[in-house]
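The values are calculated or read from the model by the stated rules, or taken from the named source; none is laboratory data. Source: prediction; values computed, not measured. Using ideal geometry, Cβ is built from the backbone for each residue, glycine included, and neighbour counts are taken over all protein chains shown. For accessibility, only protein heavy atoms count, side chains too; no ligands or nucleic acids. Shrake-Rupley method; radii C 1.70, N 1.55, O 1.52, S 1.80 Å.
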Amino acid sequence: MDYAVTAELAPPAEVVELDALQQEGIAAVLDRHLALVEGVSGPGDADIDVLDYRITVHLTGASVVLALDAPSLLAAEEAAASVLDELIGESEVLTGWSVAHSEVRITEDEFNQRLAAASDVNEELEAAVEEALETSAEPAMDAEHWRARLTELAPQLRAFGASAFGADPDTHVLAAGALIHAVRVVTDEIFYDELALAVNNATVADAVGLLVLEELPPCYDHRYDAFFARAFVLSSAAVAVRLTEPDWTPPRTVAEALALRLVVNEARVVLEAAELMSWDESETVFAAFAGRAFGDVDHDELYEVDLPLSEDAEPEVAEQVSKVEAELRARGVAFAQWFIPRDGNPGRHPYFGSL
């Protein structure tokens, strides 16, 4: 069952207010630690998964919302306390901080289950619980706030004119701003995933709780390790810079095309979350953009491969793996070709030479 646990973290007593720099620092520390938490042991050695989290740092402390998959309210509350206490205890930056308040809330799913199982429902109680559910939910994103924010960011997308996303000027502004916002989000998420993979000496194939690298073609999950993540962030950086230049240069490599795809997906997510554009609407808008942006790097077929392309494949599928790899190599999209420029220009970052 899913539960949302809201906790207020208080700074040391001598701290009256957190300035802007301190707020950013605390947010970064909390984010970095929570991004690595996959789960915690609950009562009776039950495994409790940390599904997601949100952090809001303000003048007098920080609010943390943990989404947990736990067997009960009590288990969720204990698990959240364990995670936050351990986080505070392990970070020197958070020395003197404490959990000032913690509240666990019943989920709508559990309420519905209990409601269905009840033989005689008290209507007054039902109304009260429904009201509690509505007021305990995370506040909706302010559409006007996001509209203003994306409008502010939009001019940074210099590589594409007003027609890149269709004829509507307002649509262009929102889509352009969302792309710039998405660049920042995806860049942070790659860094966090790299850290998680490095700390655990893992690949995407055997890691959980990653933020963005698991959105890459799953057929090569076993190849996405920390070393790959470092190379991939360089590719995403190259794409990001070209988005801000006066003239657009399409992705030179498969890795750059995949990085651009992640940015587009994140842009669509923020537009839908901010209630500025539905997912269906953004699909049409960014289809027009994709026709101009991706050039001749056809990477979509990588997502259609339904088996792991591993050199250690089981004998019964080894022949099929070899055949698929040969087909991808012939098209220039096999993993070994992801960081090789397709335009014939030999110039590339020296780090890619070690792949």
_Pair list, Cβ under 9 Å, 6 or more apart: the stretch 52-68 residue among the β-branched types (Val, Ile, Thr), other residue surrounded by fewer than 18 Cβ atoms within 10 Å (Cβ to Cβ) and in a loop (DSSP other than H, G, I, E, B)_ = 60/15; 60/16; 60/17; 65/138
*Please tell me if residue 262 is over 18 Å from the mean Cα position of the chain (by Cα) and touching a residue at least 60 places away in the same chain (Cβ under 8 Å).*
no
*asked:* Can you find, within the stretch 52-91, the residue that is least open to solvent (accessible area, probe 1.4 Å) among those that are under 15 Å from residue 15 (Cβ atoms) and not in a strand (DSSP E or B)?
replied: 88
*the stretch 225-278, subset touching a Leu at 6+ places or on another chain (Cβ under 9 Å), under 23 Å from residue 347 (Cα atoms) and polar (S, T, N, Q), residue surrounded by the most Cβ atoms within 10 Å (Cβ to Cβ)*: 235
_Just to be sure I understand, how many residues within the stretch 315-344 are at pLDDT 90 or above, outside any helix (DSSP H, G or I) and either of a type in the set (Val, Ile, Thr) or farther than 12 Å from residue 255 by Cα (or both)?_
2
*How many residues does the stretch 189-216 hold that are farther than 17 Å from residue 268 by Cβ, surrounded by fewer than 18 Cβ atoms within 10 Å (Cβ to Cβ) and in contact (Cβ under 8 Å) with a residue 60 or more places away in the chain?*
4
*asked:* Looking only at the stretch 92-109, filter to residues that are polar (S, T, N, Q) and at pLDDT 85 or above; which one of those is surrounded by the most Cβ atoms within 10 Å (Cβ to Cβ)?
replied: 98
